[in-house]
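Asks: Provided herewith is a single structure, encoded as structure tokens, for subsequent inquiry.
The values are calculated or read from the model by the stated rules, or taken from the named source; none is laboratory data. Note that this is a predicted model, so its numbers are computed, not measured. Cβ coordinates were reconstructed from backbone atoms using ideal geometry, including for glycine residues, and neighbour counts include every protein chain displayed.
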């Protein structure tokens, strides 16, 4: 499994960067066997849960993977990264989606060199899962930030259209368009999982900014849902245009809202503040080093101002892996992993 995304699934790629977006200190990782690793969670991320369900070891960060450590996949995700290269600049260094794809190409060259010309690297890559979770930061750390001019240039509909176009298109120095997904496709990727953006109106950061105790529905209605609808439409188009590949859309918004709206059924008690950071100190957005988090972490939906707890991540991973068509479309990750794609001459 090869993983591309942001802080929801970063597992240490920002640790060595001159970045303000880091989580390689306690209490992050308080419930993770290896302790603080750079995961923005008390334990597992969603891709850790998916790796377990696929029977894989936990996927290493690109910053740490080499040699045989590349053979089960690599995680390229970077906190504060977005679809747009300019997203997240407040955090200084981060690795945008474009650069993450370039890093994958470098890994592929290493794998090919290590295994030798006789190995069927292309066939193996075609059977791997390519998980992409992007878009949240393009809103939180771009569109909604006062020091960005984005909202003066685009209304919400125009911006979601721009993001989805950029999700599939990369403007090169020659002014020709190249599909981002085609970039991965031409490098051998065939099995894609595209994760939609979860609720932003319900995260503790937004609630604290607006002094709300319930979700800011207009944030999701105006920003998140239009983006997700266009991503799902993109998935339909790519499945129609690339018959040798298969794209699956994961409706993380629907899954997280089900958890929030029915939290008591899942054993959660706190849905509007984080276990660490927001809710315990409303002026703070992430856990401070050595801060004491809540002791009852399995009762919280959110770990900090932005990120779910491990318990939520495991629920999301399970539903993405074996869920039905209401949250995974057109097939789930388990079905995608088992799928035998018919290769075409392209």
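Rundown of residues vs (1) farther than 19 Å from residue 131 by Cβ; (2) over 14 Å from the mean Cα position of the chain (by Cα), yes/no style:
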| residue | (1), (2) |
| --- | --- |
| 10 | no, no |
| 20 | yes, yes |
| 46 | no, no |
| 49 | no, no |
| 55 | no, yes |
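Asks: Moving to a separate point now. Based on this model, can you work out whether residue 279 counts as crowded, with 20+ Cβ neighbours inside 10 Å, over 23 Å from the mean Cα position of the chain (by Cα) and modelled with pLDDT under 95? Let's see the steps before the verdict.
Replies: Values: crowded, with 20+ Cβ neighbours inside 10 Å: yes; over 23 Å from the mean Cα position of the chain (by Cα): yes; modelled with pLDDT under 95: yes.
Taking the combined requirement at face value, the residue satisfies it.
Asks: Okay, next question. Restricting to region 214-228, name every residue that is assigned to a helix (DSSP H, G or I) and either touching a strand residue (DSSP E or B) at 6+ places or on another chain (Cβ under 6 Å) or farther than 22 Å from residue 3 by Cβ (or both).
Replies: 217, 218, 219, 220, 221, 222, 223, 225, 226
Asks: Scan (1) under 18 Å from the mean Cα position of the chain (by Cα); (2) within 22 Å of residue 141 (Cα to Cα) for the single condition residue 192 breaks and write down its number.
Replies: (2)
Asks: Any residue at all in region 18-41 that is in contact with a strand residue (DSSP E or B) (Cβ under 8 Å, 6 or more places away or on another chain), surrounded by fewer than 19 Cβ atoms within 10 Å (Cβ to Cβ), in contact (Cβ under 8 Å) with a residue 24 or more places away in the chain and in a loop (DSSP other than H, G, I, E, B)?
Replies: Looking through region 18-41, at least one residue is in contact with a strand residue (DSSP E or B) (Cβ under 8 Å, 6 or more places away or on another chain), surrounded by fewer than 19 Cβ atoms within 10 Å (Cβ to Cβ), in contact (Cβ under 8 Å) with a residue 24 or more places away in the chain and in a loop (DSSP other than H, G, I, E, B).
Asks: I need the full set of residues from region 225-238 which are more than 12 Å from residue 194 (Cβ to Cβ) and in contact with a helix residue (DSSP H, G or I) (Cβ under 6 Å, 6 or more places away or on another chain), in order please.
Replies: Listed by number, the list holds a single entry, 226.
Asks: Also, I was wondering about something else. Got a sec? Which of 20, 71, 84 is under 24 Å from residue 287 (Cα atoms) and at pLDDT below 95?
Replies: 20
Asks: Quick one: in region 199-213, which of the residues that are touching a helix residue (DSSP H, G or I) at 6+ places or on another chain (Cβ under 8 Å) and in a loop (DSSP other than H, G, I, E, B) is nearest to residue 333 (Cα to Cα)?
Replies: Among residues in region 199-213 that are touching a helix residue (DSSP H, G or I) at 6+ places or on another chain (Cβ under 8 Å) and in a loop (DSSP other than H, G, I, E, B), the one nearest to residue 333 (Cα to Cα) is 199.
Asks: Before we move on, is residue 194 part of a strand (DSSP E or B), surrounded by 14 or more Cβ atoms within 10 Å (Cβ to Cβ), at pLDDT 85 or above and in contact with a helix residue (DSSP H, G or I) (Cβ under 7 Å, 6 or more places away or on another chain)?
Replies: Spelling it out, residue 194 is indeed part of a strand (DSSP E or B), surrounded by 14 or more Cβ atoms within 10 Å (Cβ to Cβ), at pLDDT 85 or above and in contact with a helix residue (DSSP H, G or I) (Cβ under 7 Å, 6 or more places away or on another chain).
Asks: Next question. Could you list all residues from region 213-231 that are more than 22 Å from the chain's Cα centre (by Cα) and farther than 16 Å from residue 261 by Cβ?
Replies: The answer is 218, and nothing else.
Asks: Tell me the strands (runs of 3 or more DSSP E) entirely within region 229-331 that contain at least 2 residues that are more than 22 Å from residue 80 (Cα to Cα).
Replies: 246-250, 270-274
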